[in-house]
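Peer 1: If you scroll down you'll find the structure; I have some questions about it.
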Amino acid sequence: MDRAERAAELFLQGYNCAQAVAVAFADLTGLSPELSAKMASSFGGGMGRMREVCGAVSGMLLVTGLLYGYDAPEDAQGKKELYALVQRLAGQFRQQNGSIVCRELLNNPPSDPNPSPRTAEYYRRRPCAAMVYTAAQILDGYIAEHPV
């Protein structure tokens, strides 16, 4: 099973969209699945169900920072390269899905902080498993061309 399939499976097991992507790449980041899930937990539902940036995109970019990010505040070149990469990956997601904004992808307004019950109907109505798959696939493709 590749990471995109794994991410979609994790989402269908109940992880939020950001967690599903982050956990699918735990083997590369060196973080445990538990820490990966905890670190990404705030980004589900477009950042705590505010329906802002899609959690799948946030998870993808969280992993991108762990793998390709910079850690010295004076590293202007590293920052420039990372931001260009972030824009490239987010741009690919936007091109494939029409947006990187959760409320636009789901065609719904911001919601309250109460998570929706994960029922068969929930999974049937939501494109989130596909968004998670796409984000992981985009990142996996980049990693294949730029090994860490």
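Where a number appears in this text, it was derived from the coordinates with a stated rule and is not lab data. None of the values given here were measured: they were computed from a predicted structure. Heads up, the Cβs are rebuilt from the backbone with ideal geometry, glycines too, and the neighbour counts pull from every protein chain shown.
Peer 1: Sequence-distant or interchain residues sharing an amide H contact under 5 Å with Val53, placed H: which?
Peer 2: Amide H to amide H, under 5 Å and 5 or more residues apart or across chains, Val53 pairs with Cys102.
Peer 1: Of Tyr70, Gly98, Met60, which is farthest on the positive side of the dipole of the range 3-145, counting Cα position, with +1 on Lys and Arg Cβ, -1 on Asp and Glu Cβ, and the Cα centre as origin?
Peer 2: Gly98
Peer 1: Loop-only GluC sites (Glu not before Pro) in the range 42-95, please: DSSP not H, G, I, E or B, and at most 12 other Cβ atoms within 10 Å.
Peer 2: When the GluC sites (Glu not before Pro) of the range 42-95 are filtered for loop state and at most 12 Cβ neighbours within 10 Å, Glu74 remain.
Peer 1: What's the magnitude of the charge dipole for the range 74-120 around its Cα centre, counting Lys and Arg as +1 and Asp and Glu as -1 at the beta-carbon? Answer in Debye, nearest 20.
Peer 2: Dipole magnitude for the range 74-120 comes out near 180 debye.
Peer 1: Which ³J(HN,Hα) values, rounded to whole Hz and listed in residue order, are derived for the range 8-14 from phi using the Karplus coefficients 6.51, -1.76 and 1.60 in 6.51 cos²θ - 1.76 cosθ + 1.60 with θ = phi - 60°, glycine and proline given as x?
Peer 2: 4, 4, 4, 4, 5, 7, x
Peer 1: If one computes P(r) from the Cα atoms of the range 1-87, what percent of pairs lie at distances over 17 Å?
Peer 2: Details: 1804 of 3741 pairs.
Across the range 1-87, Cα pairs with separations above 17 Å total 48 percent.
Peer 1: Follow-up question, since we're still on this one. Would you kindly give the portion of the calculated P(r) for the chain that falls above 21 Å, as a percent of all Cα pairs? Please report the intermediate quantities before stating the final value.
Peer 2: Numbers: 4263 of 10878 pairs.
Summing the P(r) of the chain above 21 Å gives 39 percent of all pairs.
Peer 1: Compute, for the range 3-145, the length of the dipole vector about the Cα centre, with Cβ point charges of +1 (Lys, Arg) and -1 (Asp, Glu) only. Units Debye, rounded to 20. Numbers along the way, then the final one.
Peer 2: Values: 14 positive and 14 negative charges, 111 e Å.
Taking the Cα centre of the range 3-145 as origin, the dipole is about 540 debye.
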